[in-house]
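Everything on this sheet refers to the single structure shown next.
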Amino acid sequence: MTSRYTRRELMVVAAAREIRDHEVVFVGMRLPLLGFGLAKATHAPHAIGLFENGVIRDRPAEAFIYTMGDPPNIVGAVACLGLVDVMSLLQQGRVDVGFIGGAEVDPLGNLNTTRTSSSGALTRLPGSGGAGDIASLAGRTVLIMEHEPRRFRERVDYVTSPGHFPGRRRGGPATLITTLGVFDLSTGRVRAASLHPGVTPQQVREATGFAITIEDRTPATAIPTADELAYIRHADPDGFWTGDSMKTG
Amino acid sequence: MKLKRSLREAIAEQVHDGDAIALGLALESGIPFAAVHEIIRQQRRDLTLIGPISDMAFDQMIAAGTVAKVIAAWVGNVAGGSGYGFRRAYEQGQPRRIVMEDHSNFTVGLALKAAAMGLPYLPTFTGIGGDIVRGHPRIRPIGDPFGGPDLLAVGALRPDVAIIHVQRADAQGNAHLWGNLGLTVEAAYAARQTIVICEEVVPEAVIRSDPNRTVIPGFLVSAVVEEPGGALPSSVQGYWRRDFEPFLAYHRMSRTPEGVQSWLREWVLDLPDRAAYLQHMGEANLARLRVSERRPAAEANFAP
């Protein structure tokens, strides 16, 4: 028996399961940061984490961090290099998997975090940060999104982080983890791999602004184990990232 | 040459209207907020801001009307998301219109690195297939002279001034920095002038005891400013924790033009300098944020 869990805790667990042992991971903030720690604590003890500010860690920070630049993320790191150094490792092909989020996604896994006119008026978003680099250069990418119709669009207004396109050198979107389910993007179309417990195919279709494949026998997302929840609640004791009010991406 | 300046003197002498200023280069830590606020107080105009992710520093400068152009990968508020000052300027031209040169973190880094290396550009594969690099003024497709696949060339970017916050420097500007580096080194090497702001000015023997930790040699430095707490509310490894609440408070206040003006008055315009800012924060807050415990690196023996 496991205790109750939040949707974001379920997403952290899904993110952690995308990391295989011995992989080099380009870690994002928020849920992927917890997912990396969880993977290290469970099935991927040998994973290495790269942060875009230049930090390389082989174990999670010992104290809660709000940003990757927070002092506890430096303590016990294996190296503190520069941004160009870790991006160079990424470009060289040394990174197996990277996590990115976005405001909008399309069926090819293109992410927009730059600007949109979906609401009628122009809205400026913060921009790429390192996401465009991870999308371009990682061995594969895992996308993390709020699942809402205005975010799931047939075509995004601006491709900040490129998805699948002809002539891609390597990688591309592999998995999309949302507030409703886990989706396989590796074939260049969106297919439900699992729906979170209690989520119906109808609900997913209504929240997705493009055609999406949901087969009859799509399983439910595996719920967090007691050990997984214990880790997450140790790493995020106040539910700052994993309480149900927190935004992803 | 005597390099030591007060922050007011350094900004007055070395940051001019229309300059391209690189700052916030270590990403979320060591953001030189004291310098940001001094630039706003001195009413510089038409600045170009350069940085990877700027957190709320760029947003404050944009909201104050000091900025004409931003060259960056991300402009917002790391804790809150959107940068409302940036959005108002970009979407509505308030308080003035700004030009945005969008980058990814890597292409900002490569642009500074190219300048730091004295090259016109550096090639990369990043961004291919996306919209950032399409029609970009500083990123163009090039062939590989060795016959490999096509690349993108990222043109060199040379800031007029880089503003760096470090833990310690000597009076000659030789600067020790540890923890997050981000693009600090590339920017300091690329810039025409570099203002080093430090938690403490130390005797040169301290710097020479550990030359591998010198990220900026003093001959590249144009001013040394001792300004403890000058990066707050961002963190400085071994000196200050990140103060989370002011980022959220600014995020809330900056939702409206009136709110951001009121924030700027309270925290920038009505205060003469950083000492007054720290006093306004209050001793209880400073005590909570100041790092008192020790976690020193193991000794490195430099004996010949």
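The values are calculated or read from the model by the stated rules, or taken from the named source; none is laboratory data. Keep in mind that this is a model prediction, so the values were computed, not measured. When we count neighbours, we look across all protein chains shown, and the Cβ atoms used for this are built from the backbone with ideal geometry, even at glycine.
If you go through the stretch A:106-128 and pick out every residue that is in a loop (DSSP other than H, G, I, E, B), within 11 Å of chain B (Cβ to nearest Cβ) and among the polar types (S, T, N, Q), you end up with 5. Reported count of residues in the stretch B:15-52, each being of a type in the set (Ser, Thr, Tyr) and more than 14 Å from chain A (Cβ to nearest Cβ), is 1.
Inside the stretch B:140-161, residues that are more than 19 Å from A:SER128 (Cα to Cα) and more than 10 Å from every other protein chain (Cβ to nearest Cβ) make up a count of 14. Being away from chain B (no Cβ under 14 Å) and either surrounded by fewer than 19 Cβ atoms within 10 Å (Cβ to Cβ) or among the hydrophobic types (A, V, I, L, M, F, W, C) (or both) holds for only one residue in A:ALA61, A:ALA103, A:ALA77, A:ALA15, and it is A:ALA15. The set of residues in the stretch B:273-304 that are touching a residue at least 60 places away in the same chain (Cβ under 8 Å), in the same structural domain as B:GLN237 (by TED's automatic domain parsing) and either among the acidic types (Asp, Glu) or loosely packed, with under 14 Cβ neighbours inside 10 Å (or both) contains only B:ASP273.
A single entry from A:ARG124, A:ARG168, A:ARG155 fulfils the requirement of being surrounded by fewer than 24 Cβ atoms within 10 Å (Cβ to Cβ), charged (D, E, K, R) and touching a residue at least 40 places away in the same chain (Cβ under 8 Å): A:ARG155.
Hand me the list of strands (runs of 3 or more DSSP E) wholly inside the stretch A:1-62 holding 2 or more residues that are free of Cβ contacts under 8 Å to residues at least 40 places away in the same chain. The strands (runs of 3 or more DSSP E) meeting that bar are A:48-50, A:55-57.
When the stretch A:129-151 is filtered for residues that are assigned to a loop (DSSP other than H, G, I, E, B), at the interface with chain B (Cβ under 9 Å from one of its Cβ atoms) and out of contact with any Asp or Glu (no Cβ under 7 Å at 6 or more places or on another chain), only A:GLY129 remains. Within the stretch A:183-200, identify whether any single residue is surrounded by 24 or more Cβ atoms within 10 Å (Cβ to Cβ), within 20 Å of A:MET11 (Cβ to Cβ), modelled with pLDDT of 95 or more and of a type outside the set (A, V, I, L, M), and answer yes or no. Yes, there is a match, as at least one residue in the stretch A:183-200 is surrounded by 24 or more Cβ atoms within 10 Å (Cβ to Cβ), within 20 Å of A:MET11 (Cβ to Cβ), modelled with pLDDT of 95 or more and of a type outside the set (A, V, I, L, M). Report whether or not B:VAL206 is at pLDDT 95 or above, of a type in the set (A, V, I, L, M) and part of a helix (DSSP H, G or I). Answer is yes for this residue. Applying the criterion of being crowded, with 22+ Cβ neighbours inside 10 Å and within 20 Å of the chain's Cα centre (by Cα) to the residues of the stretch B:120-167, the residue that is farthest from B:GLU227 (Cα to Cα) is B:LEU157.
Filtering B:PRO257, B:PRO228 for residues that are away from chain A (no Cβ under 12 Å), in contact with a strand residue (DSSP E or B) (Cβ under 7 Å, 6 or more places away or on another chain) and in contact (Cβ under 8 Å) with a residue 24 or more places away in the chain leaves a single hit, B:PRO228. Per the listing B:ALA114, B:ALA79, the residue uniquely more than 22 Å from B:ALA162 (Cβ to Cβ), among the hydrophobic types (A, V, I, L, M, F, W, C) and surrounded by fewer than 24 Cβ atoms within 10 Å (Cβ to Cβ) is B:ALA79.
Tell me yes or no: at least one residue of the stretch B:176-185 is within 15 Å of the chain's Cα centre (by Cα) and assigned to a strand (DSSP E or B). Within the stretch B:176-185, one or more residues are within 15 Å of the chain's Cα centre (by Cα) and assigned to a strand (DSSP E or B).
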